[in-house]
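Enquirer: Pasting a structure below so you can have a look.
Here, each number is a calculation from the coordinates, and none is a lab measurement. Here the structure is a predicted model, which is why all the values come from computation and not from measurement. When we count neighbours, we look across all protein chains shown, and the Cβ atoms used for this are built from the backbone with ideal geometry, even at glycine.
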Amino acid sequence: MTATIRDLMMSGETLVFGHRGAMAYAPMNTMASFQMAQRQGAHGIELDVQLSADGFPVIIHDDTVDATTDGAGMVCDKTLAALKALDAGAWFAPEFAGERVPTLDEVIERFAGDLLINVEIKSASDHSNGVEAAVSRCIRRHQATDRIIISSFNPLVLQRVRKSFPEVMLGALTGSSPTPETQQAFESLRHEARHPWHETVDADYMRWARDHRYVVNAWTVNAPKRALQLRALGVNGVITDNPDRIAAVFSA
Ligand code: G3P
Ligand code: MG
């Protein structure tokens, strides 16, 4: 049987998650990037999810398609068919021309058996556009709950996921200085993991996290030396743009 994400995160081994795949080497959030992360020895991948105009969870980082495709305009205004017509690879390098914006469905289907998946839901809004329900349905349809952790900077998103999908692992995502309101909102929510910006992690942070029984997955950790420091501090996972370099120092 495939190991569960909870077991792997508690195994004592520091896991390597490829940030948007292996974004130092391939166009972020594409199948090529996820495949690259897998080849480079990552245990898992991190990816960013939004909803298309017709309600499909799609994998793309920005609100607009401008930076990572040959199109222009808001992701939420485009149907899945319109998003699929875009080239999501040529902007990065010619050999990636023809890469498409993947759906969450496609990524889970292709990778959940081999890789853990950190689904980051992108939504700055107080109001739901239905992304939480669509993501939950997709994960359930694939029976992939045991291989996935959902994270978000927005506590309201995690609250909505928790209500309708109590068994999935949740990660509270924080940057350099989360507001007291955000901290408070996360604290009032049952969640299993903290996903802090790595520079906010030190021995005090890890003591606090252990007291709360939180798993800690730090982002974005690209320097091997810093990854080793975080491992020594006891972090459970690192999210990195270059899984090859981090996997190499961890296995040395
Ligand atoms: O999930 C960690 C990291 O991806 C959060 O920031 O902007 O790279 O999605 P961002
Ligand atoms: Mg992200």
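Enquirer: Determine the gain in length on full extension of the stretch T200-A81; use 0.36 nm per residue of separation and subtract their C-alpha separation, reporting nm with one decimal.
Expert: 38.8 nm
Enquirer: Under a 5 Å amide H to amide H cut-off, with H placed in plane at 1.01 Å, what residues pair with A88 once short-range neighbours are removed?
Expert: The list, which skips near neighbours in sequence, is G98, E99, R100, V101.
Enquirer: Please give the length that would be gained between S188 and R210 if that part of the chain were fully extended, namely 0.36 nm times their separation in residues minus their C-alpha to C-alpha distance (nm, one decimal).
Expert: Working: separation 22, 0.36 × 22 = 7.92 nm, distance 1.73 nm.
Roughly 6.2 nm would be gained on extension.
Enquirer: Now, a different point. What nm distance separates the two modelled labels at D7 and D114, each placed 7 Å from Cα along Cα→Cβ?
Expert: Here the answer is 2.1 nm between the modelled labels.
Enquirer: Evaluate the charge dipole of the chain about its Cα centre and quote only its size in Debye, nearest 20, assuming +1 on the Cβ of each Lys and Arg and -1 on the Cβ of each Asp and Glu.
Expert: Result for the chain is approximately 680 debye, rounded to the nearest 20.
Enquirer: Let me ask something else about it. Name the residues whose placed amide hydrogens come within less than 5 Å of the amide hydrogen of E46, ignoring near sequence neighbours (fewer than 5 apart) on the same chain.
Expert: G18, H19, R20, G21, N118
Enquirer: Looking at V107, F92, F186, which one has the Cα that reaches farthest to the positive end of the dipole of the chain (charges on Cβ: Lys, Arg +1; Asp, Glu -1)?
Expert: After comparing all options, I get F186.
Enquirer: Express in nm, to one decimal, how much length is gained between D70 and Q143 on full extension, taking 0.36 nm for each residue of separation and deducting their alpha carbon distance.
Expert: 22.9 nm
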